[in-house]
1. With n ≥ 4 as the cut-off for DSSP H runs, can you work out [θ] at 222 nm for the chain, using -39500 (n - 2.57) per run divided by the number of residues, rounded to the nearest 500?
2. Where a ≥ b ≥ c are the square roots of the eigenvalues of the C-alpha gyration tensor, would you call segment 301-399 rounded, which needs a/c under 1.5, or, failing that, prolate if a/b is larger than b/c, or oblate?
3. Please arrange 64, 51, 188 by how many other C-beta atoms lie within 10 Å of their C-beta, fewest to most.
4. Taking the Cβ-Cβ separation of residue 362 and residue 121 as r and a Förster radius of 30 Å, what is the calculated FRET efficiency to the nearest 0.05?
5. Could you let me know the centre-to-centre spacing of segment 83-129 and segment 329-377, using Cα atoms, in angstrom?
6. Taking the Cα atoms only, what angle lies between the long axis of helix 106-117 and the longest principal axis of the chain, rounded to 10 degrees?
7. If neighbour count is taken as other Cβ atoms inside 10 Å, put 144, 135 in order from fewest to most.
8. Any idea what the relative contact order of segment 87-163 is, in percent, if you count C-alpha pairs under 8 Å spaced at least 6 apart?
């Protein structure tokens, strides 16, 4: 196994259903897939770590599989966060640049953002992202990068994405005990948007809905910037649980039925279509027969859809209400993009369009160089998006450091004369 190269990017996605580790590197400014590991999650409850020891084992197994596939040693990673504990809010603030007009620097931008973020929040809330929506220079709005411009007052409208401090610490501790140091945490909905949304969609207004196992996270973009982030406590596992209860069968069998025959729209299923399934719970009369094995029974496919459709409509009802309360329901000019494993249920796009009254499509992740076809699936959007997000932020920081160094050298040269 090779040593860890400097250009390596490793991301960790601790989901309710699956734990994923994805390894990539940057080769001649091209992101390249190196390897991945995915195992069934353990120790999770309602989208959060409930049993640390078992969650650590799952992360360690996924990490070991990824290491063998990538042929590198990995010890630092970016971790993704999502779930019902995610909250977002919009705020604003600004600074006076002095008595007269002068050129704006990076330090001025940071000072304006610090002023905007100085709001009261509960002690258990941790800031994940500070996302500028726009800058306002001397009452001129619509500015996205004010550095180098000249003015007297700089203001910023800011979106702040927060998470539960305990949820973040649990994820970091889990990764640490599995042998991984966490370099950064990112909101998974924002990461998923990185590899599923186009620039036009971000400008026109779009909702990215990442449907996970126990929750669905959303990020709304408008005029190129994040305008809203939130989460609703319904995901794919709730659909499976409904089937297991309604059809009186084990969760594993219900999950397979949902994956193979599920549909969120009853009328889209042929009325006479049936399948044969094993009867997992024979009646007392059947138990006394000679055959002790499970006996097959006929199941109408519409019965499955009749159970799934109400849950799909409930999910989209909560999404619509969240968007309405956030004031962004009427800002979705480009509609809604569904991603995550739950987005693959047939009929979900139809339910989304009927409930939100906007066009909807399925968001597939961008293809990394050398990436296997199995990763071209909505369930990998968050992990692949984290890779793109990490690469972009790394490039931005490097460019800022270069500009800062050049400015210092220019100042030193000017002072010498």
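1. Rounded to the nearest 500, it is -12000 deg cm²/dmol.
2. Cα axes put segment 301-399 in the oblate bin.
3. 51, 64, 188
4. 0.30
5. The distance from the Cα centre of segment 83-129 to that of segment 329-377 comes to 32 Å.
6. With rounding to tens, the tilt is 50 degrees.
7. So the residues, fewest neighbours to most, are 144, 135.
8. That works out to 48 percent.
Here, each number is a calculation from the coordinates, and none is a lab measurement. Remember, it's a predicted structure, so these values are computed and weren't measured experimentally. Please note: Cβ atoms are built from the backbone with ideal geometry, for glycine as well, and neighbour counts cover all protein chains shown.
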